[in-house]
Amino acid sequence: MSATVVLQTGREKSLLRHHPWVFASAIKSTQGRLHSGDTVIVLSAEGKILGLGSWSPESTIRVRMWSFSADEVIDKTFFLRRIQHALTARQLIKQNTDAFRLVAAENDGLPGVTIDLYPGLLVCQLLSAGAEKHRDKIVWALRKLFPSHSILERSDVAIREREGLEPVRQILYGEIPEEICITELGAKFLVSPLEGHKTGFYLDQRSSRALVASFARDKEVLNCFSYTGGFTVHCLLQGAKHVTSVDSSGPALSLLQRQLALNNLPTELSTTLNADVFAQLRQWRQQGRLFDLIILDPPKFAESKQQVTRACRGYKDINMLALQLLRPGGFLATFSCSGLLSEDLFRKVVADAALDANRQLLYLHRMAQDQDHPVAASYPEGFYLKGLLAKCE
Ligand code: SAH
């Protein structure tokens, strides 16, 4: 018999709307023995069955729902069905790329489970107690769907601490190549699955790389927070005059330099700088250096609600600096991947930066995570990456 979790009166509303989280504060009582990752039945205060979820004793998100039906059995075929469903939903993206997010956690009905598909390789992140508990079933399902793919786990991320889990990086099946080559919208990229950030590549920026690159022809481009050169390569392939890429990661920049030859791009079109973007932009401002197109794709500045105000200051600072380095009529492509910062607030922060820089900005395009990172309608938290492409007078 599964243990049961009974909610406080009135706290079933979000589950009735199929939001997948139950916070600790919503729980009135529990019955039965509960271990980390165990499947529990969730009941309303009136005893109505709301569904099945996994128990996360350490996290404020105490239960993550696997299903809103009590009849579901959380066995290996459950994971097979959910992953198969996610794969079917991604048939279109295959025309654009051979690397994409196969499972986007809560958005694909698998809380805490992220799986990226690369040529010959699957890279997973298991970030909740429930995902951790069912690792073997997930691997079984992946082997069934992709018998010839190796499987790597990159759960070496701090967020697991919130679930009381240690960081893990391990091979789950097969041999893991040190590098793989992917083809995204005609551009080739080397990806290091073992050492790279996240699962190796920022797949979520695919559609924005294409849009931003379409503005790059004959432009002098500055790519801030370049990582391994996603925007750099696409801009050069679209005819940019020159791209300067700045990042604080040496290994990322080494890989960036190798992407040029891979795409038959002359190395003299690209300059890389291993530097802190904030300091570098200030230095260039002093020197009066100017660019035609500036890309700002910083890491997440806000990890918690308490950090949002400080994050806004960071976003405002880099956006203001970037605007001061833009030629009149230049373009700014600016992003925030902090899910806790709303799109509306981000737009205001960039508008404030423009005021302080004394520049007029016209927002031309809104950008967002690509379609292989879908947002479940019942889970607005799934939307995290927003961007603005603006013309600067
Ligand atoms: N635009 C990239 C992804 C950027 S991820 C792409 O399309 O692939 C964010 C990057 O910012 C990481 O590579 C990280 O090394 C870098 N970074 C973080 N803080 C930095 C700082 N203060 N200065 C320079 N780079 C920084």
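Local charge for Arg160 was computed over the other residues whose Cβ lies under 9 Å away, with Lys and Arg +1 and Asp and Glu -1, and equals -4. Applying the Karplus relation 6.51 cos²θ - 1.76 cosθ + 1.60 with θ = phi - 60° to the range 14-25 yields 3J(HN,Hα) values of 5, 5, 5, 8, 6, 6, x, 10, 10, 7, 4, 5 Hz, where x marks Gly and Pro. Descending by average beta-carbon neighbour count within 10 Å, the peptides 234-241, 91-98 line up as 234-241, 91-98, the highest first.
Residues whose amide H comes within less than 5 Å of that of Ile295, counting only those at least five positions distant or on another chain, are Leu222, Asn223, Cys224, Ala333 (H built at 1.01 Å from N in the peptide plane). 3J(HN,Hα) along the range 290-304, derived from phi through the Karplus expression 6.51 cos²θ - 1.76 cosθ + 1.60 where θ = phi - 60°, amounts to 10, 9, 9, 9, 10, 10, 10, 10, x, x, 4, 8, 10, 8, 9 Hz, with x in place of Gly and Pro. Each residue of the range 176-191 is assigned a 3J(HN,Hα), and the resulting list reads 9, x, 5, 9, 10, 10, 10, 10, 10, 6, x, 9, 9, 9, 7, 10 Hz, derived from the Karplus form 6.51 cos²θ - 1.76 cosθ + 1.60 (θ = phi - 60°), x at Gly and Pro.
Annotation: lysines with alpha-carbon distance below 28 angstrom to Lys76 (same-chain offsets under eight excluded): Lys48, Lys94, Lys133, Lys137, Lys144, Lys198. For the range 369-393, backbone nitrogen atoms closer than 13 Å to the point 7 Å from Asp344 Cα along Cα-to-C-beta are found at no residue. For the range 98-159 versus the range 305-367, the inter-centroid distance based on Cα atoms is 34 Å. Sorting 302-313, 141-152, 46-57 by their mean Cβ neighbour count within 10 Å, with the most densely packed peptide first, gives 46-57, 141-152, 302-313. With contributions of -39500 (n - 2.57) from each DSSP H run of at least four residues, the per-residue ellipticity at 222 nm computed over the chain stands at -8000 deg cm²/dmol. Amide H contacts of Lys28 (H built 1.01 Å from N, in plane; Pro and chain starts excluded): Val6, Leu7, Gln8 sit under 5 Å, all sequence-distant by 5 or more or on other chains.
No lab work stands behind these numbers, since they all come straight from the coordinates. Just so we're clear, the structure is a prediction, and the values are computed from it rather than from any experiment. Glycine gets a Cβ as well: all are built from the backbone with ideal geometry, and neighbour counts include every protein chain shown.
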